[in-house]
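What follows draws every value from the coordinates through simple rules; no lab data is involved. The structure displayed is predicted, hence computed values, not measured ones. Positions of Cβ are generated from backbone atoms using ideal geometry, with glycine treated the same way; all protein chains shown enter the neighbour counts.
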Amino acid sequence: MIGLETHVQITALKSKLFCGCDADYRGKEPNTNVCPVCVGLPGSLPVLNARSLELATTLALALECKINPRQFFFRKNYFYPDMACNFQISQYDKAGGVPFASGGTVVFKSGKDTYTVNLSRIHLENDPGKLVHQGSITTSPFTLVDYNRHGIALVEIVTKPDLRSPEQARDYLNTLRNIIEHCGVADLSLDGSGRTDANISMKVEGREGGRVEVKNINSFKDVEKAIQFEIIRQRQILKSGGDVPQETRHWTGKNTVSLRVKETEEDYRYFPEPDLVPIEIPDKLVGRMKKAMPELPRARAQRFKQQYNLSDYDSEVLVSTKSNADFFEETAKINTNYKDIANWMMGDILRRLNERDISIRETKLKPKTLADMIDAINTNTITGKVAKDFVPKLLDGESLPKLIKGIEQKGGIIKDPVTLELFVADAIKANPQIVQDYRTNPKALQALIGAVMKLTEKRADPALTRDLLKKHLDQK
Ligand code: ZN
Ligand code: MN
């Protein structure tokens, strides 16, 4: 059984959760983005960021949670150098407390199936500072601390233990990320803006292990790996008759290591935060945020189907990340060959992006360039094969006109049957084995088209090549 607690920085905020320090702490000199309030100096008093309530409301609505109209903050006490004041200002669902919002669901696809994860709550709290180690946490001779991040607004999203596999965890998180980005609450491409703790408990051949919490998995991508590792580790222990104790572990990027035997909730000595007044979330605020709610992924995929005449599958894949969906729509404003745009984005472009592990926004490709490339193919200025080769260069910002010029300098696309016939004849002569194969397997034609493309430096008109090849082969 897997449950996830995901801390998301509300990066849409301009300042921290309880003080006026800049919310954009990244890249700053260590310990310069701080004030007496966020590091908790004696006599300083926190003041809640009003905009954080609006954005948390937006997120709660998008996740279908029930927003608690009256709530207050708690102190969660713990003694650790990343927390300068020895307590975190958080919310609590016991001792008369309620979280920001309760319940909620996320519907996600994993493989061919659709699942629903139930959320137990979402709550607001401040981010701790950052501990910096040389090399890894286990071998570093020292720990440095940087409080620039201390006090950044977080919303913690806690699921019930509804997930059953590392893949489901990954797919849930990707869906969650997509909803959060569509809401405009956070930009999760920022390093460390989405951090997950994974709770994993296993039962193997009737033997039950304790609940293991893997802390602070710093990227969504690593969650799947960390859970995979834990499942293997726990299964081996349980199978060999050992015990899996309840504990907190740390993900190193390769494996998990024990941090401490898990503290219990009592250890945190939760009590109401006396420096902050209770909060009311008026219906008016909820109504206003509901009205201003941006289009969410599910509605957007539905609209893609209708507006661009795309299949269910295409719409879902394109809308599965906000950056791809935005890029598609910007391209579709310039070029109305929607299906072509979808095919290029979901085929060669997506494949290259996956290879490089980046999003389309992180490349230099512009919607206009993709639109122009599709036009160039459709007007027979370049072949699809050439365009395929272009893709990596276009992602790196090479200009399309320059690439087209290069093709033209070589003589452009060969559309003249007499010239092309020479290449076709050469290809047939050079590949007797493929010609042989073609007699029993017509699919071998593809390999011969490839041979012609090679001879012509990919300048052969593909349809004409196919016709000429068939004509030659079927004669014999
Ligand atoms: Zn501050
Ligand atoms: Mn937390």
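Using a Förster distance of 56 angstrom, determine the FRET efficiency expected from the C-beta separation of K203 and S399, and round it to 0.05. Given R0 = 56 Å and the Cβ-Cβ separation, E is 0.45.
Based on the Cβ-Cβ distance of R439 and M1, what FRET efficiency does E = 1/(1 + (r/R0)^6) give at R0 = 56 Å, to the nearest 0.05?
On the way: r = 58 Å, r/R0 = 1.03.
Step by step, r from the Cβ atoms, then E = 0.45.
Among the listed pairs K225/K339; K109/K388; K364/K454; K14/K109; K339/K366; K130/K221, a Cα-Cα separation exceeding 26 Å is found for K225/K339; K109/K388; K364/K454; K14/K109.
Counting other Cβ atoms within 10 Å of each Cβ, which trypsin sites (Lys or Arg not before Pro) in segment 122-167 have at most 13 and sit in a DSSP loop? Intermediate values should be presented prior to the final figure.
Values: sites: K130, R149, R164; in loops: R164.
Loop-located and lightly packed - R164.
Rounded to the nearest 20, the Cβ-based charge dipole of the chain about its Cα centre (Lys and Arg +1, Asp and Glu -1) stands at 980 debye. Loop-resident trypsin sites (Lys or Arg not before Pro) (DSSP state other than H, G, I, E or B) in segment 272-347 with no more than 13 further Cβ atoms inside 10 Å of their Cβ are absent.
If only the Cβ of Lys and Arg carry +1 and only the Cβ of Asp and Glu carry -1, the dipole of segment 222-262 around its Cα centre is close to 80 debye.
Output the antiparallel fraction of DSSP beta bridges having both residues in the chain, as a percent to the nearest 5. Among the beta bridges of the chain, antiparallel pairing accounts for roughly 90 percent.
Evaluated with a Cβ-only charge set (Lys, Arg +1; Asp, Glu -1), segment 132-238 carries a dipole of roughly 320 debye about its Cα centre, given to the nearest 20. For segment 283-428, averaging the sequence separation of C-alpha pairs within contact (under 8 Å, six or more residues apart) and dividing by the residue count gives a relative contact order of 17 percent. Taking Cα atoms only, the orientation of helix 400-409 departs from the longest principal axis of the chain by about 20 degrees.
Taking every alpha-carbon pair under 8 Å whose residues sit at least 6 apart, the chain reaches a relative contact order of 13 percent. Of the GluC sites (Glu not before Pro) in segment 180-220, the ones in a loop by DSSP (not H, G, I, E or B) with at most 10 other beta carbons within 10 Å are E205.
Looking at segment 200-297 alone, DSSP beta bridges between its own residues are antiparallel in about 65 percent of cases. Report, in deg cm²/dmol and to the nearest 500, the calculated mean residue ellipticity at 222 nm for the chain, where each DSSP H run with n ≥ 4 adds -39500 (n - 2.57) and the sum is divided by the residue count. So the helix-based figure for the chain works out to -12500 deg cm²/dmol.
According to the calculation over all Cα-Cα pairs in the chain, the P(r) per 20 Å bin from zero is 20, 43, 26, 11, 1 %. Compared with the dominant principal axis of the Cα atoms in the chain, helix 445-455 is inclined by about 80°. Need the C-alpha centroid separation for segment 316-354 versus segment 359-401, integer Å. So the separation of the two Cα centres works out to 12 Å.
The residue list L400, T369, G384 was ranked by how far each Cα lies along the charge dipole of segment 367-476 toward its positive end, using unit charges on Cβ atoms, and G384 comes out on top. In degrees between 0 and 90, to the nearest 10, how far off the longest principal axis of the chain does helix 166-183 point, with axes built from Cα atoms? Value to nearest ten degrees: 90.
The L45 and R303 beta-carbon pair, evaluated with R₀ = 41 Å, returns a calculated FRET efficiency of approximately 0.30.
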